[in-house]
Amino acid sequence: MIKADVIQQIISQLEDSLNIAVASAKAAHETATHEESVAENKYDTFGLEAAYLAEGLSRQVDELTQALQMYRNGKFVDFEDDMVRLGALVTLESEDGECRNYFLGPAGGGIEVRIGEESCKVVTPTSPLGQAMMGKSVDDEVSMLINGEHHLYNVLQAK
């Protein structure tokens, strides 16, 4: 899996999400400020609810814009020392032999991209998995507590 391809797919998904969020925020703002949204009595909260929605969507637009800037301006090079850190493309192997790819990114946690037959999920350093992986090297074990059960993963690759 090539890191540049993964990053390009992440940027593409962030752009798509941003376009949807901008359109949604605009629609919510128009609804909130429409003349028919004026409260007719103290129990009519439609306009107020639309305003809260518009505010939340506006924050989402800001977050997506910042995430896009981080990926567009970031210098994501392959690392020579096989250590997991921000910008690393990591392959973990579970105890049952299943391998999964992760990109330790500055933002966009949860995004999943497909490159050919392989998939890669974005995790951030603040996520539980990101925290567990940070500073590990190839052949190190990553331990996670999931639903009260300990799971061990082996770092197969970090570049």
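Every read-out reported here was derived from the displayed coordinates using simple, explicitly stated rules and does not represent laboratory data. Just so we're clear, the structure is a prediction, and the values are computed from it rather than from any experiment. For neighbour counting, all protein chains shown are included, and Cβ atoms are generated from backbone atoms with ideal geometry for every residue, glycine included.
Calculated mean residue ellipticity at 222 nm for the chain: -14000 deg cm²/dmol, from DSSP H runs with n ≥ 4 weighted as -39500 (n - 2.57), summed, divided by the residue count and rounded to 500.
About its Cα centre, the dipole of region 16-159 is roughly 460 debye, where the only charges are +1 on Lys and Arg Cβ and -1 on Asp and Glu Cβ. Take the alpha carbon atoms of region 91-159, find their center, do the same for region 56-70, and report the distance between the two centers in whole angstrom. Using only Cα atoms, the two centres lie 25 Å from each other. Taking the C-alpha atoms only, the angle from helix 46-73 to the longest principal axis of the chain is near 30 degrees. Just to be sure I understand, if you calculate Cα Rg over 2.2 N^0.38 Å for this structure, which of (1) 1.02; (2) 1.35; (3) 1.48 do you get? The value matching this structure is (2).
Neighbour counts of other Cβ atoms within 10 Å put Tyr52, Tyr102 in the fewest-to-most order Tyr52, Tyr102.
Electrostatic tally near Leu57: other residues with Cβ closer than 15 Å to its Cβ, Lys and Arg +1, Asp and Glu -1, net -3.
Of the residues Thr126, Leu92, Leu68, the one whose Cα sits farthest toward the positive end of the charge dipole of region 68-146, with +1 on the Cβ of Lys and Arg and -1 on the Cβ of Asp and Glu, is Leu68. Listing Lys42, Lys159 from fewest to most neighbouring C-beta atoms within 10 Å gives Lys42, Lys159. Couplings 3J(HN,Hα) of region 20-29, computed from phi: 5, 5, 5, 5, 5, 5, 5, 5, 5, 5 Hz, in residue order, whole Hz [Karplus 6.51 cos²θ - 1.76 cosθ + 1.60, θ = phi - 60°; x for Gly and Pro]. Pair-distance distribution P(r) for region 3-73, from all Cα-Cα distances in 5 Å bins starting at 0: 3, 18, 20, 16, 12, 10, 8, 6, 4, 2, 1, 0 percent.
Taking a straight line from the alpha carbon of Lys159, these aspartates and glutamates sit under 17 Å away, with near neighbours fewer than eight places off in the same chain left out: Asp5, Asp78, Glu80, Asp81, Asp82, Glu93, Glu118, Asp139, Asp140, Glu141. The ranking of Val6, Val77 by Cβ neighbour count inside 10 Å, starting from the fewest, reads Val77, Val6.
May I ask you to derive the FRET efficiency for Glu35 and Thr65 from their Cβ-Cβ distance with R0 = 30 Å, giving the value to the nearest 0.05?
0.50
For Gln157, the residues whose amide H sits under 5 Å from its own are Thr91, ignoring neighbours fewer than 5 places away on the same chain, with H placed 1.01 Å from N.
Since only Gly47, Phe103, Ser143 are under comparison, the one whose Cα sits farthest along the positive direction of the charge dipole of region 44-159, derived from C-beta charges on Lys, Arg, Asp and Glu, is Gly47.
Per-residue extension of 0.36 nm, minus the Cα-Cα distance of Ile11 and Glu95, leaves a gain of 27.0 nm for this segment.
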